[in-house]
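These notes are about the structure you will find just below.
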Amino acid sequence: MKLRIVLLLIVAALLLAQAKPNHTQASLVLTHASIIDVTGAAPRRDTTVVITGDRISAIGDTANISVPADARVVDATGKFLIPGLWDMHVHWYARDTFTLFIANGVTGVRQMFGNSDLLRWRDQIVKGSLLGPRMVVASPIIDGPQPIWPNSIAVRNEEEGRKAVRRVKEWGADFVKVYALLPREAYFGIADEAKQQGMTFVGHVPNSVSPEEASDAGQKSIEHLTGILIACSDKETELRDKLLKADSPEARSRVQATALDSYDAKKAADLVARFLKNQTWQCPTLTVLRSNAYLGDENFRRDGRLRYIPRLVQQKWNFRIANRSGGDSGGTKRVLQKQFEIVGAMQKAGVPILAGTDTGNPFCFPGFSLHDELALLVIAGLTPVEALRSATLNPAKFFGLDQSLGTIEQGKIADLVLLDANPLLDIRNTQRINAVVSNGRLFDRKALDKMLGEAEVAAHR
């Protein structure tokens, strides 16, 4: 426990290193705003927020707040202020387009496949020499002897799993990422070693492990609902054996579809209860699940946001689309519908949810798709405020940083998004961004449009 506390303090230090007040900077004041604090309270209307350096130094009714003489004042009448958003599952390595996150009000991201570039850029963002979202960076993926993805760390047994954890900790990863093909003994070795090293471990539930076992082992977050549908089947043992023998993504997808026909509501309820008891976070990434189910949809190919995606990334997307095996996608779409239902049931039961997109995968766009995810979470059954919380307060709690981030309160870091319309009435209003405050620095609509233009140019270089 002491080691885990030490690790949280280290991560907090990295994320909050920007929090040194700049006393030479004039105060920033947002007047007459309606504040949505994501705790469930009604919007606090006609409120003024004073920002000094990177912190909220005062907040209160506009009539009762003194505005510093040298302050930059922004009239926010008729506008709604929310905390800065987090995308809790991204794979984005195009340095020149990191501003796409800021331009979309995404002031923090969890990078889910670490490399040395990300560690360097993470530190440059902290120092202020690179503009981009706060980044919490995973280890390289730790997978089985024949990893799915290049540059993963391949492990065969418990000892190699333990060595991998020690290696990534020394390397500088903020947390450990596990993957689908890990052998059981390697997975449980990683789980135990992570605990001993004071590191959080997250990721896919390996095919060799059940979600219940992963939850009991201390895996802090499960990505993409991996393994959950099979765990809800009354033929779980049989299907898990088929999953272990499946030799392609398509084969594994067919096993999932088969699980639909043997779905057991009692098993599902028991699994949700286990997640709640263990506080196993879920990052469902409905954006990428929808993309996978509708990958051939021509509407994706006509998406105007493609102009911000670097050509090399688009080529990779096109390659994956072209090499996807044919066949009826109806099973995949049925699986998606059930996954939406499961997310709604988990939220209703109190299982903590994180908003993530899997940006970097086909038609998952940096910054933009976080707003898609919020809308999909509402379709799944979350209220607008619950969806907002999954991208604001919940990430702060997940990292143990809710004393500094996640809500709009005096003393907290000024990561904020100013909206032209109320997202509690329509979650799609999170896209109507008037201005973004990142670490106390204001980017008005003109500055945000400039970011978008520069990112478009960079994408086509």
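A few comments on the model shown:
- Number of positions in the stretch 409-451 that are of a type in the set (D, E, K, R) and closer than 13 Å to Ser34 by Cβ: 1
Results for (1) in contact (Cβ under 8 Å) with a residue 40 or more places away in the chain; (2) within 20 Å of Thr392 (Cα to Cα), shown as yes or no for each residue.
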site: Ala41; (1), (2): no, yes
site: Ser66; (1), (2): no, no
site: Val73; (1), (2): yes, no
site: Met88; (1), (2): yes, yes
site: His91; (1), (2): yes, yes
site: Ala94; (1), (2): yes, no
site: Gln111; (1), (2): no, yes
site: Gly114; (1), (2): yes, no
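- Considering the stretch 175-219, and only residues there that are out of contact with any Leu (no Cβ under 7 Å at 6 or more places or on another chain) and of a type in the set (Asp, Glu), the residue that is farthest from Val255 (Cα to Cα) turns out to be Glu193.
- Condition met for Glu409 (in contact with a strand residue (DSSP E or B) (Cβ under 8 Å, 6 or more places away or on another chain) and among the acidic types (Asp, Glu)): yes
- Scanning the stretch 282-312 for residues that are under 24 Å from Gly203 (Cα atoms) and touching a helix residue (DSSP H, G or I) at 6+ places or on another chain (Cβ under 8 Å) yields Gln282, Pro284, Thr285, Leu286, Thr287, Leu289, Arg290, Ser291, Asn292, Ala293, Tyr294, Leu295.
- Of all residues in the stretch 205-231 being in a loop (DSSP other than H, G, I, E, B) and β-branched (Val, Ile, Thr), the one that is farthest from Phe340 (Cα to Cα): Val209
- Residue pairs whose Cβ atoms lie under 8 Å apart, sitting 6 or more positions apart in sequence or on different chains, and linking a residue in the stretch 405-429 that is farther than 14 Å from Val49 by Cβ to a partner that is among the β-branched types (Val, Ile, Thr) and part of a loop (DSSP other than H, G, I, E, B), are Gly406/Val38; Gly406/Thr392; Asn422/Ile36; Pro423/Ile36; Leu424/Ile36.
- Any hit, the stretch 269-285, residues being closer than 27 Å to Ala355 by Cα, buried (at least 20 other Cβ atoms within 10 Å of the Cβ), basic (Lys, Arg) and at pLDDT 95 or above: no
- Test result for Ile51, outside any loop (DSSP other than H, G, I, E, B), under 20 Å from the mean Cα position of the chain (by Cα) and surrounded by 15 or more Cβ atoms within 10 Å (Cβ to Cβ): no
- Among helices (runs of 4 or more DSSP H) entirely within the stretch 285-341, having at least 3 residues that are within 23 Å of the chain's Cα centre (by Cα) and among the hydrophobic types (A, V, I, L, M, F, W, C) singles out 286-293.
- Apart from one condition, Leu424 fits all of (1) assigned to a helix (DSSP H, G or I); (2) over 19 Å from the mean Cα position of the chain (by Cα); (3) modelled with pLDDT of 95 or more; the exception is (1).
- So Asp426, is it touching a helix residue (DSSP H, G or I) at 6+ places or on another chain (Cβ under 9 Å), more than 23 Å from Ile125 (Cα to Cα) and loosely packed, with under 15 Cβ neighbours inside 10 Å: yes
- Restricting Arg432, Arg389 to those that are touching a residue at least 60 places away in the same chain (Cβ under 8 Å), closer than 23 Å to Leu377 by Cβ and basic (Lys, Arg) reduces the list to Arg389.
- Looking at the stretch 102-194, the strands (runs of 3 or more DSSP E) lying wholly inside it that each contain 2 or more residues that are closer than 30 Å to Ile433 by Cβ and β-branched (Val, Ile, Thr) sit at 106-111, 134-137.
- The number of residues in the stretch 310-359 being of a type in the set (Ser, Thr, Tyr) and either touching a Cys at 6+ places or on another chain (Cβ under 6 Å) or on the phi > 0 side of the Ramachandran plot (or both) comes to 1.
- Selection status of Thr77, over 29 Å from the mean Cα position of the chain (by Cα), buried (at least 19 other Cβ atoms within 10 Å of the Cβ) and under 26 Å from Ala391 (Cβ atoms): no
- You will find that of Arg334, Arg307, the residue that is over 24 Å from Lys267 (Cβ atoms) and at pLDDT 90 or above is Arg307 and no other.
- Qualifying residue in the stretch 314-329 (condition: surrounded by 14 or more Cβ atoms within 10 Å (Cβ to Cβ), small (Gly, Ala, Ser) and under 26 Å from Thr237 (Cβ atoms)): no
- Of all the criteria given as (1) modelled with pLDDT under 95; (2) surrounded by fewer than 22 Cβ atoms within 10 Å (Cβ to Cβ); (3) small (Gly, Ala, Ser), the one not satisfied by Ala259 is (2).
The values are calculated or read from the model by the stated rules, or taken from the named source; none is laboratory data. Please read all numbers here as calculations on a predicted model, not as lab measurements. Note that each Cβ is placed from the backbone with ideal geometry, even for glycine, and that neighbours are counted across all protein chains shown.
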